[in-house]
1. Accessible area of the chain with a 1.4 Å probe: how many percent of it is carbon plus sulfur?
2. What percent of all Cα-Cα pairs in the chain falls into each 10 Å bin, going from 0 up to the bin containing the maximum distance?
3. Among ALA49, ALA94, LEU61, whose Cα sits farthest toward the positive end of the charge dipole of the range 1-100 (+1 at Cβ of Lys/Arg, -1 at Cβ of Asp/Glu, about the Cα centre)?
4. With a cut-off of 8 Å between alpha carbons and a minimum separation of six or more residues, what is the relative contact order of the range 6-145 in percent?
5. Kindly rank 182-193, 46-57 from highest to lowest mean number of other beta carbons found within 10 Å of each residue.
6. Provide the percentage of antiparallel DSSP beta bridges, counting only those with both residues in the range 54-181; round to the nearest 5.
7. Using alpha carbons only, how many angstrom separate the centre of the range 75-128 from the centre of the range 164-207?
8. Which sequence of LEU61, LEU203 reflects their accessible areas, 1.4 Å probe, from the largest down?
Amino acid sequence: MPSLGRLHLITDTRPGRDPLAVLRAALPVARAELVVQVRVTDDATDREAYDLARRVVGACLPYRARCLVNDRLHVALAVGAAGGHVGADDLPVAAARRVLGADAVLGATAREPGAARAAVDAGATYLGVGPCHATTTKPGLPAPIGPDGVRAVAGSVTVPVIAIGGVTAASVPALRAAGAYGVAVVGALSGAADPAQATAELLRALTC
C-alpha cells in the first residue's frame, strides 16, 4: 500500500457546518498529506453520502490526497474512493476487506492492543485509535484513553496508528511521542476561524 497521509480530516456534516468549504481550505495546504474521511450522520441517506463523497473525491484528485468513506463501503466503491474505515458497529474488518478488495486502504477503530492486533490480522491497513481526549463531536463515545492508551496500541502493531478524539495542534506532540503516525480531526478544522491556518499548524506539529 502506498504511504498514508498523516492528517486525516473527517467531514463534519452537522447543521451549520460546511465540510466542502473546510476541505477546499485544507487541500492546498496539506496536499498529499491529507486523507479525507467522508463521514455522514446516521440519518443521512445513501444518496446524500454518495453526493458528498463524489465531490470530495473530485476535490482531492488534483492534490493527490486520498478520500476514504466511513461505514458505508458501498458508497466508497461507487465513487471510486481509495478505501474505507469501519468502526465497532460496522462490518467486521475481514468482511470489509472482502468488500473493498485487496488493494484498498482499510481503516479500523481500536482502543486496546488485543483488538488492534485482531483488526490488523483481519486486513486493516491502519488503525484509528481513541478517543484520545474528551470530545463533543460524536456522542456516546467511551472514556478517553490519552497518550498512554495510544502508546499501548502503537506498540502492539506495525501499521500506522491515527490518533483521534479531541485532537488539537497543541496535543499532537504528545500523541506523536506515544507512537501515533498521524491524527484525525473534526472540530479542530471545521470549527476553526481559519481552516487553512489550522491545517498548517497541525501539519507543523505532525512534522516537528
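1. Numbers: 5120 of 9450 Å².
Roughly 54 percent, rounded to a whole number.
2. Binned Cα distances yield the sequence 9, 38, 41, 12, 0.
3. Value computed over the given set: LEU61.
4. Details: 222 pairs, mean separation 21.1, N = 140.
Computed value for the range 6-145: 15 percent relative contact order.
5. Values: 182-193: 21.4, 46-57: 18.4.
Result, highest mean first: 182-193, 46-57.
6. Given both bridge residues lie in the range 54-181, the antiparallel proportion sits at roughly 0 percent.
7. 23
8. Numbers: LEU61 130, LEU203 30 Å².
Putting LEU61, LEU203 in descending order of accessible area: LEU61, LEU203.
The values are calculated or read from the model by the stated rules, or taken from the named source; none is laboratory data. All values reported here derive from a predicted model rather than from experimental measurement. Glycine gets a Cβ as well: all are built from the backbone with ideal geometry, and neighbour counts include every protein chain shown. To get the accessible areas, we keep the full protein, side chains included, count just its heavy atoms, and leave off ligands, DNA and RNA. Shrake-Rupley method; radii C 1.70, N 1.55, O 1.52, S 1.80 Å.
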